[in-house]
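Input: a single structure, listed below in structure tokens.
Derivation of every value follows stated rules applied to the coordinates shown; laboratory data play no part. Since we're looking at a predicted model, the values are computed, not measured. Positions of Cβ are generated from backbone atoms using ideal geometry, with glycine treated the same way; all protein chains shown enter the neighbour counts.
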Ligand SMILES: Nc1ncnc2c1ncn2[C@@H]1O[C@H](COP(=O)(O)OP(=O)(O)OP(=O)(O)O)[C@@H](O)[C@H]1O
Ligand SMILES: [Mg+2]
């Protein structure tokens, strides 16, 4: 369970995340949607203690990230898929993380299999394609077998087979009773993956709903999403009324 309480972040004079209060529950995939620059990544960084809120707090299973005694075993995250030492193999990267987090070494081979990198595990991560780096990032997130998963735009860079794979993976993880919070700016993709949706615009909560609930009364999901978020998006200067 992830709980955001009036979570707020300002950069200079600009509010990136604005008093965001949300509960993300276990057992379903929750999509975190919003246009570019709406505060999704900033929110996720605050949940992981990588950015300090100016007000409010983010709790994982009732405590702040910094208070977790075994962070990698509690929450797995995919934020920046490029964050690897390029000279190290995927397997070595995972093995180092496992060793420093008291995770059994046998888990490395397991997660490489789950993400489809068994064959490429011994190649230097710097030679991986974008989609392969994304898969290695998912392997890192799964390494500690955590009950909470946080993924920022995991579909980026994946081919159609990869997109279907991650969709099935996330749904499977949620069905096991985990909390799965996954961001996207693509409503169509989220509609296929998530059951619940948290929609933000300019850092503010616009809707906390289901896919069906968002679509109700609109011609299409895209239409519903656009109408909801366009009011809160001024940098494009669309002037939609
Ligand atoms: N380190 C930073 N310094 C200054 N401003 C920042 C910083 N990080 C984010 N911002 C600003 O905060 C706002 C939210 O950015 P954020 O990256 O959280 O959006 P996002 O919803 O993840 O967007 P995208 O869909 O493009 O990934 C933007 O206006 C952005 O310019
Ligand atoms: Mg982002």
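Express the relative contact order of segment 1-156 as a whole percentage, based on alpha carbon pairs under 8 Å and six or more residues apart in sequence. Present the calculation step by step, with values, prior to reporting the outcome.
Values: 257 pairs, mean separation 39.3, N = 156.
Reported relative contact order: 25 percent.
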Comparing 211, 29, 180 in a Gaussian network model of the chain (Cα, 10 Å), the one with the largest mean-square fluctuation is 211
Averaging sequence separations of C-alpha pairs under 8 Å and six or more residues apart, then dividing by the length of segment 47-126, give the relative contact order as a whole percent. 29
When the chain is treated as a GNM, springs tying every alpha-carbon pair under 10 Å, which of 179, 30, 69 comes out with the largest mean-square fluctuation? 69
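Pull up the DSSP beta bridges for the chain and report the antiparallel fraction as a percent, rounded to 5. Could the numbers behind the result be given before it?
Values: 20 of 38 bridges.
Around 55 percent antiparallel, to the nearest 5.
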Computed log₁₀ I(q)/I(0) - Debye formula, equal Cα scatterers, no solvent, segment 1-159, q 0.12, 0.14 Å⁻¹: -0.55, -0.74
Paramagnetic label zone (point 7 Å from Cα along Cα-to-C-beta, residue 110; backbone N under 12 Å) in segment 129-170: 142-146
Please give the Cα centre distance for segment 101-116 versus segment 41-90, rounded to the nearest Å. 19
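Can you give the calculated 222 nm mean residue ellipticity of the chain, where each DSSP H run of n ≥ 4 adds -39,500 (n - 2.57) and the sum is split over every residue, rounded to the nearest 500 deg cm²/dmol? If you can, show how the numbers build up before the last one.
On the way: 9 runs with 83 residues, N = 241.
That comes out to -10000 deg cm²/dmol.
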Ranked on Cβ counts within 10 Å of their own Cβ, fewest leading, 128, 65 go 65, 128
Please identify, among 76, 119, 37, the residue showing maximal mean-square fluctuation in a Gaussian network model of the chain using a 10 angstrom Cα cutoff. 119
Quick one: helix 160-175 against the long Cα principal axis of the chain, what's the angle to the nearest 10°, folded into 0 to 90? 90
